[in-house]
Amino acid sequence: MILKNCRYAILNLEDTFIMENIDIRILEGRIAEIGKDIVREQGEPLIDCSKMVAVPGMVDAHTHLFTYNYRGMFLDCDRLKLWNMLLENPVPSFNMEVLDKFLVKNGLTALLTLDPNPENLRLKKKSLPIIFKGRYLVKSFREKGFSKEKFIHVDSLRTFTPEEFSEIIRENSGSLVSIHIANTRNEVFQFKRKYGDFQVSYLEKINGLKENAVLVGVEWITSREIELIKASNAKVILTPQCSLLHSPGGFPPVKEFIKEKITFALGSCSLTCSSGFLFDELRELLRFVRSSYWDFKTSVRELFKTVLHGSSEILGISSESLSIGRNAYVTLFKAASPNYRLMNSEKVLENLVMFSEPEDVMYIITPASEFMLLKEEIGE
């Protein structure tokens, strides 16, 4: 496959961030060649990208697809009561074809879904986007021995004790184990009154802060806890829209995460409380940063590069750049839209992140599939 004459290609490389009017060849799910005037082989698929921008694939590192059937129900009700209801009752099947179209329309090339009943995901061969499944642990599902699971999600520190989470961390040293920490000031101080310390500090004391720990929703944490996350090489996933809509959460210490080189990625938490469009999450995160620090020095590009690296490292999929030998995770946007105008190469990324909408996505490409033309697939 050749992505022919990309108007812009955001390569996200150390020496070259963006190129203009460039061809990209993809063979067997990997980027095989980048250059001018690549010659098309007989019968080789080709996309005319002269009016498109190629971007490293958009990856959602944390979501819960099982709540898709309940989209909108969280908005005007007791969130915790509804969440408990969802977990206590059998998870209904959902139309995977409809879900595929929704996710693809939002430009996702891969995502990690954490569901109580992963068997509900009856995936088609070469499904788009690529879906990584993880085991979701709630109290009623408590078992031992998940060592064969690559991803495990422990519901939250509201429902599991820190000691239980630490035990799961130790039992599953070969897996990434994520848990919701706390989104609100009340949760943080209720925990401190009960355990005598803040969440991350307490987890470190009981040997529960390890390299395989993934902390979700760490808005309210101290400087000492940031140091502990760095020292343990634990990972972080932020869900800005969910935090803002439901909690509303505190301001995640993004500048400190970047400064300390702490791996963090973006998730949408639940399709019931976000649009599913990852650039919505990214621009919400930027607003978090600028509101909390009153500082415009943290750039769109810096955040973009950081979360691309984070999702690639957490999922282990090598998706953060467009470079020879890399897996072919690519999202193709319109190069011109009513939502933005790309006047020069310097501000292409800023325009896409801050002003694009799902309708600006034209194709997604993954290592396991041929390209997908969205207009044909979703009947637009």
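The values are calculated or read from the model by the stated rules, or taken from the named source; none is laboratory data. Being a predicted model, the structure only gives us computed values, none of them experimental. In this analysis, Cβ positions are derived from the backbone assuming ideal geometry, glycine residues included, and neighbour counts consider all displayed protein chains.
Out of curiosity, is Ser173 over 25 Å from Ser270 (Cα atoms) and in the same structural domain as Lys261 (by TED's automatic domain parsing)? When the stated conditions are applied, Ser173 passes them. For Glu164, indicate whether it is assigned by TED's automatic domain parsing to the domain that holds Val236, at pLDDT 90 or above and acidic (Asp, Glu). Considered against the rule, which asks whether it is assigned by TED's automatic domain parsing to the domain that holds Val236, at pLDDT 90 or above and acidic (Asp, Glu), Glu164 comes out as yes.
Is there a residue in segment 271-287 that is among the hydrophobic types (A, V, I, L, M, F, W, C) and more than 17 Å from His62 (Cα to Cα)? Yes; the residues of segment 271-287 include at least one that is among the hydrophobic types (A, V, I, L, M, F, W, C) and more than 17 Å from His62 (Cα to Cα). Taking the criterion of being at pLDDT 90 or above and touching a helix residue (DSSP H, G or I) at 6+ places or on another chain (Cβ under 9 Å), the residues of segment 286-305 that qualify are Leu286, Ser299, Val300, Arg301, Glu302, Leu303, Phe304. Among the residues here, Thr109 qualifies as in the same structural domain as Leu137 (by TED's automatic domain parsing), at pLDDT 90 or above and polar (S, T, N, Q). Might you let me know whether segment 336-359 holds any residue that is under 24 Å from Asn5 (Cβ atoms), without any contact (Cβ under 8 Å) to a residue 60 or more places away in the chain, touching a strand residue (DSSP E or B) at 6+ places or on another chain (Cβ under 7 Å) and among the hydrophobic types (A, V, I, L, M, F, W, C)? The answer is yes, given that some residue of segment 336-359 is under 24 Å from Asn5 (Cβ atoms), without any contact (Cβ under 8 Å) to a residue 60 or more places away in the chain, touching a strand residue (DSSP E or B) at 6+ places or on another chain (Cβ under 7 Å) and among the hydrophobic types (A, V, I, L, M, F, W, C). A single entry from Asp155, Asp197 fulfils the requirement of being surrounded by fewer than 22 Cβ atoms within 10 Å (Cβ to Cβ), of a type outside the set (Lys, Arg) and touching a strand residue (DSSP E or B) at 6+ places or on another chain (Cβ under 9 Å): Asp155. Considering segment 171-194, and only residues there that are touching a Gly at 6+ places or on another chain (Cβ under 8 Å) and of a type in the set (D, E, K, R), the residue that is surrounded by the fewest Cβ atoms within 10 Å (Cβ to Cβ) turns out to be Arg185.
Looking only at segment 26-40, decide whether some residue is hydrophobic (A, V, I, L, M, F, W, C) and within 24 Å of the chain's Cα centre (by Cα). Within segment 26-40, one or more residues are hydrophobic (A, V, I, L, M, F, W, C) and within 24 Å of the chain's Cα centre (by Cα).
When Trp83 is tested against the conditions (1) among the aromatic types (Phe, Trp, Tyr); (2) more than 21 Å from Leu278 (Cβ to Cβ); (3) modelled with pLDDT of 95 or more, the lone failure is (3). I need the full set of residues from segment 273-285 which are surrounded by 20 or more Cβ atoms within 10 Å (Cβ to Cβ) and either part of a loop (DSSP other than H, G, I, E, B) or modelled with pLDDT under 85 (or both), in order please. Selection gives Cys273, Ser274, Gly276, Phe277.
Does Asn183 satisfy the criteria of being under 28 Å from Phe66 (Cα atoms), within 26 Å of the chain's Cα centre (by Cα) and modelled with pLDDT of 95 or more? Against the criterion (under 28 Å from Phe66 (Cα atoms), within 26 Å of the chain's Cα centre (by Cα) and modelled with pLDDT of 95 or more), Asn183 does not qualify. When Val59, Val53 are screened for being touching a Phe, Trp or Tyr at 6+ places or on another chain (Cβ under 6 Å) and surrounded by 15 or more Cβ atoms within 10 Å (Cβ to Cβ), only Val53 passes.
Going residue by residue through segment 251-272, is there one that turns out to be in contact with a Pro (Cβ under 6 Å, 6 or more places away or on another chain), crowded, with 22+ Cβ neighbours inside 10 Å and in a loop (DSSP other than H, G, I, E, B)? Among the residues of segment 251-272, not one is in contact with a Pro (Cβ under 6 Å, 6 or more places away or on another chain), crowded, with 22+ Cβ neighbours inside 10 Å and in a loop (DSSP other than H, G, I, E, B), which makes the answer no. Can you tell me which residues in segment 319-368 are of a type in the set (S, T, N, Q), more than 23 Å from the chain's Cα centre (by Cα) and assigned to a strand (DSSP E or B)? Answer for segment 319-368, where residues must be of a type in the set (S, T, N, Q), more than 23 Å from the chain's Cα centre (by Cα) and assigned to a strand (DSSP E or B): just Ser337. Here the condition is being at pLDDT below 90, in a helix (DSSP H, G or I), surrounded by 13 or more Cβ atoms within 10 Å (Cβ to Cβ) and in contact with a helix residue (DSSP H, G or I) (Cβ under 9 Å, 6 or more places away or on another chain); of Lys133, Lys101, it holds for Lys101 alone.
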